[in-house]
Amino acid sequence: MADVELVIKDLRGSIEGKEILKGVNLTIKKGEVHALMGPNGSGKSTLAYLLMGHPKYQVDSGEVLYKGENILDMEPDERARNGLFLAFQYPSEIPGVSVSNFLRTALKAKSEASGNGKKGLSIPEFRRKLKEKMTLLQLDDSFASRYLNEGFSGGEKKRMEILQMAMLEPEMAILDETDSGLDIDALRTVAEGVNYCKEAYGMGILLITHYQRILHYIKPDHVHVMFDGRIIASGSSELAEELEAKGYEWLKEAFLAKEEVS
Ligand SMILES: Nc1ncnc2c1ncn2[C@@H]1O[C@H](COP(=O)(O)OP(=O)(O)OP(=O)(O)O)[C@@H](O)[C@H]1O
Ligand SMILES: [Mg+2]
C-alpha cells in the first residue's frame, strides 16, 4: 500500500471567481503534526475546505494525493471514508439529529465503506465507545441525546468536533482553529483528545491556529506560515515562538521583497 501521506502540489483554488490559493505545497505524513498559521484572510480555511471538497470552493490547478490517489476527483464523503477528517472553524447546528444518532450513522457508513466484511459496532459496543470518548473529552453524558451543536456554547461545539474525530478514528485530520474560544481547562482537554488520537492510531494532523498556546500541548513537527494564498515560511516549533514575539510583518516584507526581485 502507498504511504499514508497527504501530498499537496502547487494547489490553486478560488471561491466565487476570486483566486484565494495561489500555489500551496505541503506534505503531511501519518503521525506528523503540522501547524498552519498566518494572518486573517490568508487562505487557511480555504485550504481546509478544498481538501475536504466543499462545493463552494473550486480547484483551479494542482494536485492533492492521499495514499497515492488523487482525492480531488472524490466526493467529500468518499474522502472522509478514506480516512480524512475536518473539524470546522465554525461547526454547524443540526437540529433534529442527536449527537448519538449522528455518530452511529457516521460510524456505520464508515464501516460499510471499508469493504472488509466487518460489521459495524453493536449498540452496546457503540455506547461503550461513546461513553469512553466522552469521558476523555470531559463531556457530560447528557450531550449524547442533545441535537448536534444546537444551543452548544462555542467551546462545547469545539469539543464536539474532537469527539467526532475520536469516534471516527481518521488517519489524517485537519483542525481549523479548534483552540479558539476554548477556556484554559477545555484547551488542555481538547489537546489531550487530539494527542490520544495521534498516539493511539498514528493520526496525521494539520493544525490551523493563531496561537502558540495550543502548540505547548500538541507539539508540532513543522510550523508553516500562510500569506496571500501561499506558504511563505516553514520551520520547527521555534518558528511559532518567533511569530508570537515578532508578528507576521517581517515575514511578509521578506516575501514581498523576494517577489519583487523575481
Ligand atoms: N464568497 C467569497 N467571495 C469573495 N471572497 C471570499 C469569499 N469567501 C471567502 N473569501 C475570502 O477568501 C479569503 C480567505 O479566507 P479564509 O477563510 O480562507 O481565511 P483564513 O486564513 O482562514 O482566515 P482566518 O484566520 O480569519 O480564519 C478572505 O480574504 C475572504 O474574504
Ligand atoms: Mg479560517
- line: The computed P(r) of the range 114-262 puts the percent of Cα pairs beyond 28 Å at 33 percent
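Can you give me the relative contact order of the chain as a percent, contacts being Cα pairs under 8 Å and 6 or more apart? Each step should come with its number before you reach the end.
Values: 456 pairs, mean separation 68.7, N = 262.
Averaging sequence separation for qualifying contacts and normalising by length gives 26 percent for the chain.
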All-pairs alpha carbon distance profile, the range 28-93, 5 Å steps from 0, percent: 3, 14, 24, 27, 21, 9, 1
- request: Name the residues whose placed amide hydrogens come within less than 5 Å of the amide hydrogen of Ala233, ignoring near sequence neighbours (fewer than 5 apart) on the same chain.
  value: Val225
message: Rounded to whole Å, give me the distance from the Cα center of the range 90-115 to that of the range 159-174.
response: 12 Å
message: Run the reach check for Lys219 against lysines, Cα to Cα strictly under 21 Å, same-chain hits fewer than 8 apart removed. What comes back?
response: Lys29, Lys30, Lys44, Lys158, Lys198, Lys246
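Can you tell me what the convex hull of the Cα atoms of the chain projects to on average, as an area in nm²? Before the final figure, lay out the partial values.
Details: hull surface 58.4 nm².
Computing the convex hull of the Cα atoms and averaging its projections yields 14.6 nm².
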- request: Run the quick spin-label model on Glu238 and Ala200: label points 7 Å from Cα toward the beta carbon, then report their separation in nm to one decimal.
  value: 3.5 nm
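Can you pull out the trypsin sites (Lys or Arg not before Pro) in the range 69-138 that DSSP calls coil and that have at most 10 other Cβ atoms within 10 Å? Could the numbers behind the result be given before it?
Working: sites: Arg79, Arg81, Arg104, Lys108, Lys110, Lys118, Lys119, Arg127, Arg128, Lys129, Lys131, Lys133; in loops: Lys118, Lys119.
Qualifying residues, ordered by number: Lys118, Lys119.
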query: Rg(Cα) of the range 89-197 divided by 2.2 N^0.38 Å?
result: 1.05
message: Just to confirm the filter: which GluC sites (Glu not before Pro) across the range 104-209 are DSSP coil and have at most 15 other Cβ within 10 angstrom of their Cβ?
response: Glu150
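How much of the accessible area of the range 1-129, probe 1.4 Å, is carbon plus sulfur, in whole percent? Spell out each step's value before the answer.
Working: 3290 of 6830 Å².
The value for the range 1-129 is 48 percent carbon and sulfur by accessible area.
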field: Accessible carbon and sulfur surface of the range 162-209 relative to its total accessible area, %, 1.4 Å
entry: 46 percent
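What does the convex hull of the alpha-carbon atoms of the range 1-154 project to on average, in nm²?
Details: hull surface 44.2 nm².
About 11.1 nm², averaged over all directions.
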task: Over the range 80-134, consider all pairs of different Cα atoms and compute the Kirkwood hydrodynamic radius from their mean reciprocal separation; express it in Å, one decimal.
output: 12.8 Å
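Considering only DSSP beta bridges with both partners in the chain, what is the antiparallel share in %, to the nearest 5? Don't skip to the end; give the middle numbers.
Values: 26 of 43 bridges.
Looking only at bridges with both residues in the chain, the antiparallel portion is about 60 percent.
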- prompt: Under a 1.4 Å probe, what is the accessible area of the chain per residue, stated in Å²?
  reply: 49 Å²
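Can you give the calculated 222 nm mean residue ellipticity of the chain, where each DSSP H run of n ≥ 4 adds -39,500 (n - 2.57) and the sum is split over every residue, rounded to the nearest 500 deg cm²/dmol? Can you show the working numbers first?
Details: 9 runs with 106 residues, N = 262.
One gets -12500 deg cm²/dmol as the mean residue ellipticity at 222 nm.
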query: Computed FRET efficiency, Cβ-Cβ of Ala106 and Gln58, R0 25 Å: what is it to the nearest 0.05?
result: 0.40
- prompt: Probe 1.4 Å, all protein chains in place: accessible area of His216 in Å², nearest 10?
  reply: 110 Å²
query: Using a basic spin-label model with each label point 7 Å from the Cα along Cα→Cβ, how many nm lie between Arg188 and Ser262?
result: 4.4 nm
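The values are calculated or read from the model by the stated rules, or taken from the named source; none is laboratory data. Since the model is a prediction, treat every value here as computed from it, not as a measurement. Heads up, the Cβs are rebuilt from the backbone with ideal geometry, glycines too, and the neighbour counts pull from every protein chain shown. Protein only, heavy atoms only, side chains kept; ligands, DNA and RNA dropped before computing areas. Shrake-Rupley method; radii C 1.70, N 1.55, O 1.52, S 1.80 Å.
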